[in-house]
């Protein structure tokens with residue numbers, strides 16, 4: 001089973017576009033085809049970002065997604081790494097993926113250093129399908 005950490009932009013994209021590759025990743029999580037890891041800081045970011053009025057997501061959709069993480073995700077307590085990142089606010093995702101031995105799926109590749117475990121939704125979808 002593929003291990004994965006999902007950047008917040010993946011959840012936003014999945015809710016915005018139900019037929020998108022990010023939405024396919026969320027469905028794979030719901031069907032227990034992938035194992036998703038997160039930490040408390042990641043979950044707090046999800047809780048803060050998803051309900052924002054600018055997105056207009058239904059509260060029930062946000063609640064479902066957050067509950068899905070609580071029920072099927074794996075909560076970790078990773079140590080903070082020392083490698084500098086282009087956007088330090090993304091460290092929570094990077095460090096969690098490193099500790100979990102997971103892929104970090106993001107729509108913002110440029111926010112991270114080049115590493116084989118950091119992939120786009122399209123690349124991750126190909127790995128899961130292949």
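Taken residue by residue, the stretch 17-28 has at least one member that is touching a helix residue (DSSP H, G or I) at 6+ places or on another chain (Cβ under 8 Å), within 24 Å of residue 116 (Cα to Cα) and in a loop (DSSP other than H, G, I, E, B). Scan the stretch 63-82 for residues that are outside any helix (DSSP H, G or I) and surrounded by 12 or more Cβ atoms within 10 Å (Cβ to Cβ) and the total you get is 6.
Any idea which residue in the stretch 100-114 is modelled with the lowest pLDDT, counting only those that are surrounded by 13 or more Cβ atoms within 10 Å (Cβ to Cβ) and out of contact with any strand residue (DSSP E or B) (no Cβ under 7 Å at 6 or more places or on another chain)? Going through the qualifying residues, I end up with 111. Candidates are the residues of the stretch 51-62 that are in contact (Cβ under 8 Å) with a residue 40 or more places away in the chain and in a loop (DSSP other than H, G, I, E, B); the one that is surrounded by the most Cβ atoms within 10 Å (Cβ to Cβ) is 57.
The residues of the stretch 29-41 that are in a helix (DSSP H, G or I) and either out of contact with any strand residue (DSSP E or B) (no Cβ under 7 Å at 6 or more places or on another chain) or over 22 Å from residue 55 (Cβ atoms) (or both), listed by number, are 30, 40, 41. Only residues that are in contact (Cβ under 8 Å) with a residue 60 or more places away in the chain and loosely packed, with under 13 Cβ neighbours inside 10 Å were counted across the stretch 34-50, and they come to 0. Being surrounded by 15 or more Cβ atoms within 10 Å (Cβ to Cβ), modelled with pLDDT of 95 or more, touching a helix residue (DSSP H, G or I) at 6+ places or on another chain (Cβ under 8 Å) and assigned to a helix (DSSP H, G or I) is the requirement here; does residue 4 meet it? The answer is no for residue 4.
The values are calculated or read from the model by the stated rules, or taken from the named source; none is laboratory data. Predicted model, so just to flag it, every value in this text is computed and none were measured. Cβ: placed from backbone, ideal geometry, glycine included. Neighbour counts: every protein chain shown.
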